[in-house]
């Protein structure tokens, strides 16, 4: 485990303890423990409800042979949010709610996407534009069938780097 991650986890645990002590001083120890148990129970309920919906959507997409899209990412966020809600602590409960509720799930998804994109090298970041030329004549026999009139279906092309979407390439 990297030292940054260990430091972040340690500071997160310290913040959870400090918030727990502050809430206990404000409303009392008994009510704080009850609130912690209540948020854990809420976490289980939300995890079961949102997890079932997301798994049903993933199953439907698999049966229809469609790509999972953001539903797969939602499943991961729901699992992380459920774990954060079930573990004791009020900061984790707040972060877990952001991951579990459908309306607020966009925020953690955007933060994670930004973090992943910042770690990618410049060449791996999109968009990638591809120019292609057909080397064989094609005829169509229907909406999804193509047959070659001569030779194998080979498409040669080259990757065009450095252009922006909507901007014509310099060779056109």
**Item:** Enumeration of residues in the stretch 36-72 that are farther than 25 Å from residue 106 by Cα and either in contact with a helix residue (DSSP H, G or I) (Cβ under 6 Å, 6 or more places away or on another chain) or touching a residue at least 24 places away in the same chain (Cβ under 8 Å) (or both)
**Value:** 36
**Asked** Quick one: would you say residue 31 is within 23 Å of the chain's Cα centre (by Cα), over 25 Å from residue 110 (Cβ atoms), assigned by TED's automatic domain parsing to the domain that holds residue 108 and surrounded by 12 or more Cβ atoms within 10 Å (Cβ to Cβ)?
**Response** no
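The values are calculated or read from the model by the stated rules, or taken from the named source; none is laboratory data. Quantities reported herein were computed from a predicted structural model and do not represent experimental measurements. Glycine gets a Cβ as well: all are built from the backbone with ideal geometry, and neighbour counts include every protein chain shown.
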